[in-house]
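Asks: Have a look at this one before I ask anything.
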Amino acid sequence: MARKMNRRDFVKTTAAAGLGFWVAGRGSWAFGENVTSPHEKLNVGFIGTNHRAGDDLHDTVGTSLVNVVALCDIDDNYLGSAAKQFPKAKTYNDFRKLLEQKDIDAVVIGTPDHTHAVASAAALHLNKHVYCEKPLTHTVHEARVIQELTAKYKRVTQMGTQIHAEGNYRRVVEIVKAGVLGPVTEVHVWCGKGWGATKAPTQAQPVPPNIHYDLWVGPAPFREYNASYLPENWRRYVPYGDGTLGDMACHYMDLPFWALDLGHPTKISAEGPPIAVDCWPEALAVHYDFPARGELPALKLTWHDGDKRPAAFSTWPKSAQAGAGVMFIGSKGQMFADYGSHHLYPEETFKDFVAPPKTIPASVGHHKEWVMACLKNDPSATTCRFAYSGPLTEAVLLGNVAYRSGKTLEWDAANMKITNAPEAEQFLHYEYRKGWEL
């Protein structure tokens, strides 16, 4: 499924393939004028209409600032249900057709991981604003290309890490940045989910009549239909998802990335069970080394999922022994945080703690922030824009590269090279099926 490419090949191949596929024969409008709606509402097309995509549809419509002008789903039942709610919207099974609809200003992408990048790239090439679910892409290479396209087209973007908009994350970031914990040199992130498997489906099953399966497979290597893939267990399998790491790390690692100004790691290694063909592990630990950032010291960050936990977990206070969370370890103290709470330790040291002033304003809402930025045509107005969430996604997915390669990776982010194990670069990307170029 994978092939070896260097950075120059990456850029050359995707640029040529993407421009040829999405622009040829479509006239100047494909790169043309700013398509932001001149009206008070944003014309939005939704790629995916149920499950997480359904939540995105609901939350975007809830801003009262959008017109739902297009809907796409590979499941006719889901699509039909959404169409009843929005009868004026045009409907599609193929998102490539949806993107040709000229009155669309922006798209919301809630598909499985393996089509995030292809849909996002196509929308950016057509000058549309983009909201895409996490992880931003399925591969490290895709994450870098999407960042480059975002910089080129200057569209408004947002990755679907909704917790970023909640007040608790903002208070945690303020505490860390105020130096309350002292210099932070170690962070542990964990999540008890287990999107893994020990064996991929091998039995071909009849495709249900409501499912457009070939469109669902999209750019990925084709595997015969099996009900184990749809509607959500695709996360367990390499061709379509990115395991627990891909599902949850963009949420939980987002917090230390934000609080500690993290960027690209320089070294990555992973611990998990023996590799199973086409499957992600049921439990994984990933170790990241991040370099110093200005006055901030070098940092070791470890991700744990499934039943894996930090070595010191059982010695931590009960309030930190949660099913998922983040532990910051600094020279003056420690802090546990999850989606809705945070606690400082030692408790005796911080019994009279007074929180620093609020410097990060309350969010209007993750989806509304994006919609308002689109209406203003201000790419800098979103907090999880692809310039931020792209490096986060790259770091997350490098953990999967380390696991699949069985190597400790020394990462040259500027050149997209694994300097000590070039054979591991085959896991940075894969060969797309014809017709689904980035």
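The values are calculated or read from the model by the stated rules, or taken from the named source; none is laboratory data. Quick caveat: nothing in here was measured; it's all calculated off a predicted structure. Cβ coordinates were reconstructed from backbone atoms using ideal geometry, including for glycine residues, and neighbour counts include every protein chain displayed. Side chains are part of the model used for accessible areas, which takes the heavy atoms of the whole protein and leaves out ligands, DNA and RNA. Shrake-Rupley method; radii C 1.70, N 1.55, O 1.52, S 1.80 Å.
Asks: With an 8 Å Cα cut-off and a minimum separation of 6 or more residues, compute the relative contact order for the chain in percent.
Replies: About 23 percent, as a whole number.
Asks: Okay, next question. Quick test of the membrane-span-like rule: which DSSP H helices of the chain reach at least 18 Å along their long axis (C-alpha atoms) with mean Kyte hydropathy at least 0.0?
Replies: 7-23, 386-405
Asks: Continuing with the same structure: Using a basic spin-label model with each label point 7 Å from the Cα along Cα→Cβ, how many nm lie between ASP103 and TYR339?
Replies: Label at ASP103, label at TYR339, 3.6 nm between them.
Asks: Using amide H atoms built in the peptide plane, which far-off residues or other-chain residues are under 5 Å from ALA270 H to H?
Replies: Under 5 Å from the amide H of ALA270 lie the amide H atoms of HIS287, each far enough along the sequence or on another chain.
Asks: Ok, one more. Please find the FRET efficiency linking THR349 to ALA292, where r is the Cβ-Cβ separation and R0 is fixed at 30 Å, and quote it to the nearest 0.05.
Replies: That pair, THR349 with ALA292, gives E of 0.70.
Asks: Moving to a separate point now. Rounded, prolate or oblate, given the Cα gyration tensor of the stretch 311-421, with a/c below 1.5 counting as rounded?
Replies: Cα axes put the stretch 311-421 in the oblate bin.
Asks: Find the lysine pairs in the stretch 100-199 meeting two conditions, Cα atoms under 24 Å apart and a separation of 8 or more places or different chains, and report how many there are.
Replies: So the count works out to 8.
Asks: Give me the distance between the Cα centres of the stretch 387-438 and the stretch 118-144, rounded to whole Å.
Replies: 16
Asks: Still on this structure: Report the extension gain between VAL277 and SER228 in nm, rounded to one decimal, defined as 0.36 nm multiplied by the number of residues separating them, less their alpha carbon distance.
Replies: 16.1 nm
Asks: Provide the FRET efficiency to the nearest 0.05 for the ALA151-SER64 pair, computing r from the beta carbons and using R0 = 25 Å.
Replies: Taking R0 as 25 Å, the efficiency between ALA151 and SER64 is 0.20.
Asks: In the full protein assembly as shown, how much of SER314 is accessible to a 1.4 Å probe, in Å² to the nearest 10?
Replies: 90
Asks: Give me the net charge of GLU295's neighbourhood, meaning all other residues with Cβ under 12 Å from the Cβ of GLU295; Lys, Arg count +1, Asp, Glu -1.
Replies: Charge balance near GLU295 sits at +1.
Asks: Another question about this same structure. Where in the stretch 383-437 are there trypsin sites (Lys or Arg not before Pro) that are in a DSSP coil and have at most 14 other Cβ atoms within 10 angstrom of their Cβ?
Replies: Filter output for the stretch 383-437: ARG433, LYS434.
Asks: Quote the accessible area belonging to GLU271 in square angstrom, nearest 10, computed with a 1.4 Å probe and with ligands, DNA and RNA left uncounted.
Replies: It works out to around 90 Å².
Asks: Another question, if that's okay. Name the shape class, rounded, prolate or oblate, that the alpha-carbon gyration tensor gives for the stretch 253-315, where a ≥ b ≥ c are the square roots of its eigenvalues, rounded holds for a/c under 1.5, and otherwise prolate holds if a/b is larger than b/c and oblate otherwise.
Replies: Prolate shape, in that a/c is at least 1.5 and a/b is the bigger ratio.
Asks: Quick one: check the C-alpha center-to-center distance for the stretch 45-68 versus the stretch 298-367, whole angstrom.
Replies: 32
Asks: Only residues of the stretch 347-376 count here: report those whose backbone N is under 12 Å from the spot 7 Å along Cα→Cβ of LYS332, or say none.
Replies: 350, 353-356
Asks: Next question. Could you pull out every residue, at least 5 positions away or on a different chain, whose amide H is within less than 5 Å of the one on LEU299? Hs are placed 1.01 Å off N in the peptide plane, and Pro or chain starts have none.
Replies: Long-range HN contacts for LEU299: PHE290.
Asks: Run the quick spin-label model on ASN210 and ALA387: label points 7 Å from Cα toward the beta carbon, then report their separation in nm to one decimal.
Replies: So the two model labels end up 4.3 nm from each other.
Asks: If you don't mind, another one. Report, in deg cm²/dmol and to the nearest 500, the calculated mean residue ellipticity at 222 nm for the chain, where each DSSP H run with n ≥ 4 adds -39500 (n - 2.57) and the sum is divided by the residue count.
Replies: About -9000 deg cm²/dmol.
Asks: Taking the structure as given and computing Rg and Dmax of the Cα atoms in Å, which label from (1) 23.3, 72; (2) 21.5, 69; (3) 21.4, 63 fits?
Replies: (2)
Asks: Now for a separate question. Pull out a ≥ b ≥ c, the square roots of the eigenvalues of the alpha-carbon gyration tensor of the stretch 55-138, then state rounded if a/c is under 1.5, prolate if not and a/b is larger than b/c, and oblate in the remaining case.
Replies: Taking the square roots of the gyration eigenvalues as a ≥ b ≥ c, the stretch 55-138 is rounded.
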